[in-house]
Amino acid sequence: MKIIKAANYENMSKRAADLVYRELKEKQIQVLGLATGGTPIGFYQEIIKEIQRDSLSLDWLYTVNLDEYIGLSPDHRNSYHAYMKKHFFQYVDIPLEQQLLPDGMSADPDKEAKRYEKLVEELGVDLQILGLGQNGHIGFNEPGSSFKGKTSVVDLAPSTIDANARFFEAEEEVPKQAITMGIATIMRSRKIILLASGAEKAEALKEVITGEVTEKIPGTILQQHLDITIIADKEALSLVE
Ligand code: F6R
């Protein structure tokens with residue numbers, strides 16, 4: 001586990017962008033795994049600057065997102081399809097058919113989860129970006145999720161619904177279910193970069209780095225990944241020696 005301590009959110013975002021950009025430029029990544037949420041927004045802003053500075057074409061890149069809410073259409077402003085378009089895809093030349101996310105509107109979400117799992121497995125993720133839930137979740141794999149889990153339909157924990165309510169008009173609007181890559185799916189990725197910022201992530205990050213590996217705190221499994229870099233700011237690392 002490599003840990004990079006950043007001074008603040010901006011520095012965390014820049015260091016992550018520099019790392020990923022270098023690999024993109026050298027075409028060491030064919031398939032890039034992406035995350036949504038508050039944490040990676042600065043990372044997207046920074047990497048877009050680097051891509052635009054060099055006019056780097058990414059028309060060969062495939063991206064696979066970790067998750068999507070069930071019941072939100074791609075053009076719903078809170079869907080992860082819309083998030084990705086707003087924060088990243090509109091600025092780069094990755095072809096639409098190479099921007100892959102689970103379909104939250106599928107009439108058969110379980111079948112959709114299986115389709116997405118197969119797709120991600122066949123593509124093989126070179127580098128996966130992750131955020132961390134305050135309860136230690138990765139993707140939407142909430143506490144208690146099996147480490148052997150593949151992509152599936154999951155219920156969001158009440159604390160996750162609470163945390164995500166900040167992006168919606170009202171808490172009742174936050175979807176209660178999502179399709180998420182499973183923990184086993186995530187762990188198959190060749191490299192992982194976990195981003196964490198702010199004091200509210202300190203407890204979970206401490207467990208991820210130094211805690212017992214337990215399904216009660218899904219992120220602790222990352223201790224067993226062979227190529228993981230954690231880039232976190234001082235506040236998120238405040239409980240780690
Ligand atoms: C997002 C995802 C989630 C978030 C996590 C942290 O695609 O899978 O695991 O990374 O909930 O969210 P923020 O960054 O909003 O604190």
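Readers should treat all values here as calculations from the given coordinates under stated rules, not as data from a laboratory. Predicted model, so just to flag it, every value in this text is computed and none were measured. Glycine also receives a Cβ, built like all others from the backbone with ideal geometry; neighbour counts cover every protein chain displayed.
Tell me the relative contact order for the chain as a rounded percent, counting alpha carbon contacts under 8 Å between residues six or more apart.
26 percent
If R0 is 35 Å, what FRET efficiency do you get for Gln98 and Ile3 from their C-beta distance, rounded to 0.05?
0.65
Kindly write out, for the stretch 9-15 in residue order, the coupling ³J(HN,Hα) from the Karplus curve 6.51 cos²θ - 1.76 cosθ + 1.60 (θ = phi - 60°), rounded to whole Hz, with x marking Gly and Pro.
Rounded to whole hertz, the list is 4, 4, 5, 4, 5, 5, 5.
Please work out whether the stretch 2-233 counts as rounded, prolate or oblate from its C-alpha gyration tensor, where a ≥ b ≥ c are the square roots of the eigenvalues and a/c under 1.5 means rounded, while otherwise a/b larger than b/c means prolate and anything else oblate?
rounded
Give a residue-ordered list of calculated ³J(HN,Hα) values for the stretch 177-189 (Karplus: 6.51 cos²θ - 1.76 cosθ + 1.60, θ = phi - 60°; whole Hz; x for Gly, Pro).
9, 8, 9, 10, 4, x, 5, 5, 4, 5, 5, 6, 4
Considering only DSSP beta bridges with both partners in the stretch 2-233, what is the antiparallel share in %, to the nearest 5?
Antiparallel: roughly 25 percent of the beta bridges in the stretch 2-233.
Check each of the GluC sites (Glu not before Pro) in the stretch 135-221 and keep only those in coil by DSSP with at most 12 other C-beta atoms within 10 angstrom; list them in order.
Here the sparse-neighbourhood loop sites are Glu169, Glu212.
Give a residue-ordered list of calculated ³J(HN,Hα) values for the stretch 102-115 (Karplus: 6.51 cos²θ - 1.76 cosθ + 1.60, θ = phi - 60°; whole Hz; x for Gly, Pro).
Here the 3J(HN,Hα) series is x, 8, x, 9, 4, 5, 10, x, 5, 5, 4, 4, 5, 4 Hz.
5 Å is the cut-off here: which amide hydrogens, built 1.01 Å from N in the peptide plane, fall below it relative to Thr214, excluding neighbours closer than 5 in sequence?
Under 5 Å from the amide H of Thr214: Thr220, Ile221.
Where a ≥ b ≥ c are the square roots of the eigenvalues of the C-alpha gyration tensor, would you call the stretch 128-241 rounded, which needs a/c under 1.5, or, failing that, prolate if a/b is larger than b/c, or oblate?
Oblate shape, in that a/c is at least 1.5 and b/c is the bigger or equal ratio.
If amide hydrogens are placed 1.01 Å from N in the peptide plane, which non-local residues have theirs closer than 5 Å to the one on Leu34?
Answer set, sorted by chain and number: Val64, Asn65, Leu66, Ile129.
Can you check what the net charge comes to around Lys2, using other residues whose Cβ is under 14 Å from the Cβ of Lys2 (Lys, Arg +1; Asp, Glu -1)?
+2
So which of Lys27/Lys86; Lys148/Lys234; Lys25/Lys118; Lys2/Lys150; Lys49/Lys85; Lys2/Lys234 end up more than 20 Å apart by C-alpha?
Where the Cα-Cα span goes over 20 Å, the pairs concerned are Lys27/Lys86; Lys148/Lys234; Lys25/Lys118; Lys2/Lys150.
Counting only the backbone N, which residues of the stretch 1-32 are under 20 Å from the spot 7 Å out from the Cα of Ser238 toward its beta-carbon?
Label zone hits: 4-13.
Near the amide H of Ile3, under 5 Å away, which other amide H atoms are found, from residues 5 or more places off or on another chain, if H is placed in the peptide plane?
Those qualifying (amide H under 5 Å, at least 5 residues apart or on another chain) are Ile230.
With the chain treated as a Gaussian network of Cα nodes joined by springs under 10 Å, which of Thr36, Thr210, Thr229 yields the largest mean-square fluctuation?
Comparing Thr36, Thr210, Thr229 in a Gaussian network model of the chain, the most mobile one is Thr210.
For the stretch 147-241, which trypsin sites (Lys or Arg not before Pro) are in a loop by DSSP, counting at most 10 other Cβ atoms within 10 Å?
Taking the stretch 147-241 and a limit of 10 other Cβ atoms within 10 Å, the loop trypsin sites (Lys or Arg not before Pro) found are Lys148.
Do the sum for the chain: with -39,500 (n - 2.57) for every DSSP H run of n ≥ 4, divided by all residues, what is the mean residue ellipticity at 222 nm, to the nearest 500 deg cm²/dmol?
Mean residue ellipticity, 222 nm, calculated: -9000 deg cm²/dmol.
If you average the alpha carbon positions of the stretch 73-137 and of the stretch 1-55, how far apart do those two centres end up, in angstrom?
Going from one Cα centre to the other spans 18 Å.
Students often forget the sequence filter, so: which aspartates and glutamates lie under 15 Å Cα-Cα from Lys216 once same-chain residues fewer than 8 apart are removed?
Reachable aspartates and glutamates: Glu142, Glu203, Glu207.
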